[in-house]
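Asks: Here it is: the structure, laid out below.
The values are calculated or read from the model by the stated rules, or taken from the named source; none is laboratory data. Computed from a predicted model, the values in this text were never measured in an experiment. Counting neighbours? That spans all protein chains shown, and the Cβs are built from the backbone with ideal geometry, glycine included. Just so you know, the surface numbers come from the protein's heavy atoms only, side chains and all, with ligands and any DNA or RNA stripped out. Shrake-Rupley method; radii C 1.70, N 1.55, O 1.52, S 1.80 Å.
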Amino acid sequence: ILGQRDLARFAATSTEVRSYIAGPRDAQAGRDLLASLEDGPFTSDAVADVFVLDAQGTCLVSTNPDFVGEYYGMRPYFQEAVTGNEAISDWTIGMTSDTPGIYLASPVRGEYDEMAGVLVIKLETDPVEELVDQAAAIGTKAVVFNPAGIVLTAYDPAFRYRALDQLTSTEEYLVTSTRQFADEPLTPLGLTSLKEDLVGVYPGETAVSREYELQGEARVAALTGQVTQPWVVAV
C-alpha cells in the first residue's frame, strides 16, 4: 500500500493530469489522459482502477468508464485529499463497481497551485482475501477487522461485513454517510468483549483476547495489529 501511495503522488503531479485539469477538458484531452492512466505502472495487478475527480468530487476520467460522471464527494479519501493532503482509505466497497478496494488519493493542483481535483487509485483487496483463504486451507481460522470492529474478510464468508458488536451512533453515521460498505446490513455478532479488546491492540503487537463464545463454542483469539492499515487480524 505504501509503495502504491508514491505512485498516486507521482500521477497527481504528472504533466498529463495537471494539463487535463487546467483544461480544456475536451473529449480528445480525456482520451489522451486515459491512455496515460492505462499504461505503465497502472497496469499492475494490484491496481483495480485509476480515476480523476474534479474539485467537487465528480469523476472526469477513469479506467473504468462506469465511473465517469459519478459523484464521489462524500468519500473520506476525497474529502481529505481535496484539502491538500494524501489519503488512504479503509476497506471500502465501490459505490459503482460494488467491489471492495483500498483507495489512495492525492491532490491535483491547478495552474496557480489551487486545489483543482483529486487523483485516485483503487487497489484490489484480493491479496488480503487470498491470504485468509490460504490460512483456512491449513486449518487456521483468520478474520480481519477494521477499528469499528466490522469484519472485512474472514475464513467463513458468512461473517463478512458483520459488526462484532452494535456500532456506536458515530460509527454508524460514518459508515452510512460515506456508504463505506454500500448497502450491507452490518448485523452485529454480539461479541462485545472482542470488540473492546481491539482498542488495546497496537500495530505489530499481539495480545490474546479474553475467552468468548461463537456459534455455541468457547474460543480464544490472538489479535495482531497491522502496520500499514488500522486493521486487526484475529486468529
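Asks: Before I look further, what does region 1-104 give for accessible area per residue, probe 1.4 Å, in whole square angstrom?
Replies: Roughly 46 Å² per residue, with all protein chains present.
Asks: Net charge around D156, counting only other residues with Cβ within less than 14 Å of its Cβ (Lys, Arg = +1; Asp, Glu = -1)?
Replies: Residues close to D156 contribute a combined charge of +1.
Asks: Tell me the label only: which of (i) 63, 37, 29; (ii) 66, 40, 37; (iii) 54, 39, 30 is Cα extents along the principal axes in Å as calculated from this structure?
Replies: Computed from these coordinates, Cα extents along the principal axes in Å corresponds to label (i).
Asks: Where nothing but the Cβ of Lys and Arg (+1) and of Asp and Glu (-1) is charged, how large is the charge dipole of the chain around its Cα centre, in debye to the nearest 20?
Replies: 260
Asks: What 222 nm value per residue comes from the helices of the chain, counting each DSSP H run with n ≥ 4 as -39,500 (n - 2.57) and dividing by all residues, nearest 500 deg cm²/dmol?
Replies: Value at 222 nm, helices only, nearest 500: -8000 deg cm²/dmol.
Asks: Which peptide among 57-67, 207-217 comes first, and what is the full order, when sorted by highest mean count of other Cβ atoms within 10 Å?
Replies: 57-67, 207-217
Asks: Stretch E184-E70 to full length: gain in nm at 0.36 nm per residue minus the Cα-Cα span?
Replies: Extending this stretch completely gives an extra 39.0 nm.
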